[in-house]
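The values are calculated or read from the model by the stated rules, or taken from the named source; none is laboratory data. This structure is a prediction, so every number in the text was calculated from the model and none was measured. A quick note on method: Cβ atoms are made from the backbone with ideal geometry, for glycine too, and the neighbour counts reach across all protein chains shown. Just so you know, the surface numbers come from the protein's heavy atoms only, side chains and all, with ligands and any DNA or RNA stripped out. Shrake-Rupley method; radii C 1.70, N 1.55, O 1.52, S 1.80 Å.
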Amino acid sequence: SAKEKGRNQFHFFDPGLDEHRRQRRNQLTEITRALENDEFKLYFQPQIQVDNGAIVGVEALIRWQHPDHGLLNPAQFLPAVDNSHLEVPLGQWVLKEAIHQMNAWQAEGLSLAVSINISARHLMDRSFVDYLESYLHSHRELNPSRVTLEVLESAALEDTNRASNVLNRCRSLGLQIALDDFGTGFSSLTYLRTLPVDVIKIDQSFVLNMLDDANDRAIVESVIFLAQRFAHPVLAEGVETMEHARLLRDMGCNLVQGYGIARPMPATDLPAWVQRWETRRENREDDLLSPV
Ligand code: C2E
Ligand code: MG
Ligand code: MG
Ligand code: MG
């Protein structure tokens, strides 16, 4: 039948699909090699309190320093990793590296909280919480409340009983939980109602154009209102200008993160950035959020 023919074509005669599979396999081989060669890097982006400019922490964001193709963003390699056998190993690398960096700053006298993106599959992995527990047990100097796990609204959390269970165990270890990209998933309100979270992150897609787009502004305002009703602090990402930050502050948003404050940067650049930011805070005559 025509339907069968279509199906056969799909399976056996589509060079595009074959090519796609082959490319993905090659990419996973390359990523395995990159992990062994230590080619992944973490960049860090500051998160600040919008009323007084206090630095509350930094978000760790993965990059791939590729020998031929330069610095790659997550969009260029995470899709291949998602749902593959590398998702958990790469996630573990990020977790260890981020905490290691936090400790290194601490040793230099710079106390910073770190937010770490955890894929839902990694979070729900059987050994995830056990690993965290034993890590924290053997690193008593680490203050777990300085670590936030950023979790995306995703299908992997659909079993909200299990997800709540895992998140509650993380929180009882002292870690903070942020619900990332809030509003972009299919079950935002269900998650808000059922998952134990500490911070709501408004997705940048709503924030970026809110100065010009009344609908986006209405969504941002509503999310802030919702978060307040649930007594969750709310962080807006995609804060590209100080004008964004001022409007968010006036709407009652607590925390902001975006190019308007700082772009993600290598760990080595962060101490100097913190110093510049703090100097500006101390010397400010009027409003920290007025254009520099
Ligand atoms: P995210 O967790 O929502 O991170 C925020 C993204 O917005 C980052 O992109 C950041 O560079 C970007 N961004 C920050 N401020 C602005 C702004 O003002 N304007 C615009 N246009 N963009 C801004 P990045 O680093 O490319 O990461 C993209 C996504 O990849 C992240 O979104 C996160 O979902 C994922 N990701 C990044 N690092 C990791 C990681 O280590 N593990 C996992 N599982 N996912 C990660
Ligand atoms: Mg995030
Ligand atoms: Mg986000
Ligand atoms: Mg995002």
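By how many nm would the segment from Asp213 to Glu141 grow when fully extended, if each residue of separation counts as 0.36 nm and the alpha-carbon distance is taken off? Don't jump to the answer; show the numbers that get you there.
Working: separation 72, 0.36 × 72 = 25.92 nm, distance 4.68 nm.
Full extension from Asp213 to Glu141 adds 21.2 nm.
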statement: Length-normalised contact order of the chain, Cα under 8 Å, at least 6 apart, in percent, tallies to 16 percent
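Taking the Cβ-Cβ separation of Met265 and Glu133 as r and a Förster radius of 25 Å, what is the calculated FRET efficiency to the nearest 0.05?
On the way: r = 31 Å, r/R0 = 1.26.
Efficiency computed from Cβ-Cβ geometry: 0.20.
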- prompt: At Asp68 and Val88, where each label point lies 7 Å from the Cα along Cα→Cβ, what is the point-to-point distance in nanometres?
  reply: 3.1 nm
statement: Carbon/sulfur accessible area of the chain, % of total, 1.4 Å probe, equals 48 percent
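Suppose all protein chains stay in the model; what accessible area per residue would a 1.4 Å probe give for the chain, in Å²?
Values: 15390 Å² over 292 residues.
With the other protein chains kept in place, the chain gives 53 Å² per residue.
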- prompt: Ranked from highest to lowest mean number of other Cβ atoms within 10 Å per residue, what is the order of the peptides 105-111, 125-131?
  reply: 125-131, 105-111
